[in-house]
Amino acid sequence: MINKIDLNKVIKEAKFNTSRSGGKGGQNVNKVETKVELVFDIPGSLTLDEEMKALLMKKLAKKLDAEGCIRLVSQTDRTQLGNKKKSIEKLIKLIDMALKKEKVRIKTVKSFSSKQQVLEEKKKHSFKKKTRSTRDFLEE
């Protein structure tokens, strides 16, 4: 289903906020805004159809804020561009995972012969354990 979506349009709809991030970088951390927060508004998206929006809202419910926006933060990289790329990758991965159709499980019934085979294996195993018993040595 992700093939139907134009990812470039989705990325253009996303808003990026930058701020100063912690972590490694020395004095650079104090001067440059490298932390990137990606905000994607699912209900306000023009790229996604209503079915996709409903599916995303349902599957990503725990990751959404009150307005139905996905907020992804990336601050691991030392550059704003690197963090922006990582947050875009996270968004694409999230959307891809949420829009994948789950395979329907088909219930199967064990055949009579397979049940018999399992029982035979159990009997053999039980017999093997019984013959290991120390009772034989004590009776002699």
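The values are calculated or read from the model by the stated rules, or taken from the named source; none is laboratory data. Quick caveat: nothing in here was measured; it's all calculated off a predicted structure. When we count neighbours, we look across all protein chains shown, and the Cβ atoms used for this are built from the backbone with ideal geometry, even at glycine.
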- Failed criterion for residue 70 (all others in (1) touching a residue at least 24 places away in the same chain (Cβ under 8 Å); (2) over 15 Å from the mean Cα position of the chain (by Cα); (3) not in a helix (DSSP H, G or I) hold): (2)
- Message: Would you confirm, using the coordinates I've provided, whether residue 119 is outside any loop (DSSP other than H, G, I, E, B) and either among the β-branched types (Val, Ile, Thr) or surrounded by 11 or more Cβ atoms within 10 Å (Cβ to Cβ) (or both)?
- Response: no
- Message: So in segment 68-114, with the set limited to residues that are closer than 28 Å to residue 34 by Cα and among the basic types (Lys, Arg), which one is surrounded by the fewest Cβ atoms within 10 Å (Cβ to Cβ)?
- Response: 93
- Name the residues in segment 19-32 that are within 20 Å of residue 91 (Cβ to Cβ) and either crowded, with 16+ Cβ neighbours inside 10 Å or of a type outside the set (S, T, N, Q) (or both), would you? 21
- Any chance segment 5-27 includes a residue that's part of a helix (DSSP H, G or I), farther than 30 Å from residue 103 by Cα and either modelled with pLDDT under 85 or aromatic (Phe, Trp, Tyr) (or both)? yes
